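Structure record follows, encoded as structure tokens.
We did not get these values from a lab; they are worked out from the coordinates using the rules stated. Every value quoted in this text rests on a predicted model; they were computed, and no experiment measured them. Note: ideal-geometry Cβ built from the backbone for every residue, glycine included; neighbour counts use all protein chains shown.
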Amino acid sequence: MSWKKNFSVVFEYLKKSLSENILIKAIAIIVTMTLFLVVKTNKFTIESVWFKTVPVREQKVGTSPEGQAVHTIIEPKVVRIQGSQSLIQHIDEVRTELIDISSRTHHSSIYIKIDTQNQPISISPESVKVTFIISPK
């Protein structure tokens with residue numbers, strides 16, 4: 001017999017034979033036992049925290065202005081990431097947020113954040129300096 005059917009049988013018996021006050025207490029006990037069983041059957045995993053140093057890659061979008069090439073220099077070239085072992089062990093690099101190079105016509109630098117891709121990881125530093133070097137094609 002399933003637990004739902006058992007629950008219904010017990011509930012109907014209690015409803016017929018007990019006073020309202022006792023019925024409320026019995027329902028409270030049943031709810032508590034049900035919650036305990038739900039919590040007990042869920043699996044929780046505790047993982048160790050890993051640290052790792054990985055390279056930073058830029059994510060460029062757009063095309064360079066006609067007749068020009070846009071090169072980038074990222075500083076620092078590596079960052080430190082931290083998170084659960086099961087997540088960090090699969091990360092070999094991180095990427096910047098998208099960088100639009102279509103309007104870059106002269107040497108300049110910006111600070112841009114690292115894209116965590118909505119993963120629960122910490123990155124240090126959180127942003128990198130991207131320097132744009134413009135040269136003729």
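What to note about this one:
- Near-label residues of the stretch 105-137 by backbone N, under 18 Å of a point 7 Å along Cα→Cβ of SER86: 118-122
- Here the spin labels are modelled as points 7 Å beyond Cα on the Cα-Cβ line, and at ASP100 and GLN59 they lie 1.5 nm apart.
- Within the stretch 96-123: backbone nitrogen closer than 20 Å to the GLU47 label point (7 Å, Cα to C-beta): 115-123
- Theoretical FRET efficiency, 1/(1+(r/R0)^6), r = Cβ-Cβ of SER108 and VAL78, R0 35 Å, to 0.05: 0.95
- Close amide-amide hydrogen proximity is noted between ARG95 and ARG57, ASP115, each under 5 Å apart and 5 or more residues distant or on a separate chain (H modeled in the peptide plane; Pro and chain starts excluded).
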